[in-house]
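Here is the structure we will look at.
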Amino acid sequence: MRKVAVLVYDQFCNFEFSVALEMLAMAGKPITVFAKSLEPVKSEEGLSVVADKTIDELQIEEYDALLLTGAADIREAIEDEHVLEFIKAFDRDDVIIGAISIAPILLLRAGMLKGKRFMAGVNKEDLIEEGFSWDDMKFMVGWDENLRNPVVGGFIREGNIITSVSYNFIVWAMAFGKALGIEVYPKSFEAEIN
């Protein structure tokens, strides 16, 4: 059975992928936690995690999915070419990618969202200040935009990539599980999915 790669970085958000991880555990789907090093990585909630492997140890053929959570400040990961190369390795049709909150910006920086509709827990104006162009964000549904006009279902799936914002973490997790062919139990998490 192929595994799910879970990438953690400084100040990662634990709650945003908690339901996805629980659902994977319930299904017996193995995960591997990756980080840049094997030093403890502290979440924004203060949880310290030691990765199973470094990003240099990726054997892509062992994985059928990548899970990316948000972070209080994801700038360091977005600017790290080594991290971006790790993420780009998953840019394959046979790999499901789940990215929530600010994490879709990692995919955007890696060039994996070109011409694709996606959600991100940040506003376009803030990303302009970080060097992204309006063209980069042409199909992005940002934080304020989603508050004004919520995306039906709470997530966007474009091909093999599933994105959402933080407060939709339960339906996003269910969509990720369904994409992997896992029997999901939305009522266990008080969610309704399409």
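We did not get these values from a lab; they are worked out from the coordinates using the rules stated. Values in this document were obtained by computation on a predicted structure and should not be read as measured data. Positions of Cβ are generated from backbone atoms using ideal geometry, with glycine treated the same way; all protein chains shown enter the neighbour counts.
Here are the numbers:
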item	result
Test: residue in the stretch 175-191 that is of a type in the set (Ser, Thr, Tyr), in contact (Cβ under 8 Å) with a residue 24 or more places away in the chain and in contact with a Phe, Trp or Tyr (Cβ under 9 Å, 6 or more places away or on another chain)	no
Residue under evaluation residue 46, criteria (1) in a helix (DSSP H, G or I); (2) more than 16 Å from the chain's Cα centre (by Cα); (3) over 21 Å from residue 90 (Cα atoms), criterion not met	(1)
Hits in the stretch 41-56 - residues which are surrounded by 12 or more Cβ atoms within 10 Å (Cβ to Cβ) and not polar (S, T, N, Q)	41, 42, 44, 47, 49, 50, 51, 52, 53, 55
Any chance residue 56 is part of a helix (DSSP H, G or I) and farther than 21 Å from residue 159 by Cβ	yes
Pairs with Cβ under 7 Å, 6+ apart, first in the stretch 129-153 and within 17 Å of residue 102 (Cα to Cα), second surrounded by 12 or more Cβ atoms within 10 Å (Cβ to Cβ) and among the polar types (S, T, N, Q)	142/123; 143/123; 144/123
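Yes/no per residue for (1) surrounded by 15 or more Cβ atoms within 10 Å (Cβ to Cβ); (2) of a type in the set (A, V, I, L, M, F, W, C); (3) touching a residue at least 40 places away in the same chain (Cβ under 8 Å); (4) touching a Phe, Trp or Tyr at 6+ places or on another chain (Cβ under 9 Å):
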{"residue": "1", "(1), (2), (3), (4)": "no, yes, no, no"}
{"residue": "4", "(1), (2), (3), (4)": "yes, yes, yes, yes"}
{"residue": "8", "(1), (2), (3), (4)": "yes, yes, yes, yes"}
{"residue": "11", "(1), (2), (3), (4)": "yes, no, yes, no"}
{"residue": "17", "(1), (2), (3), (4)": "yes, yes, yes, yes"}
{"residue": "26", "(1), (2), (3), (4)": "no, yes, yes, yes"}
{"residue": "29", "(1), (2), (3), (4)": "yes, no, yes, no"}
{"residue": "32", "(1), (2), (3), (4)": "yes, no, no, yes"}
{"residue": "39", "(1), (2), (3), (4)": "no, no, no, no"}
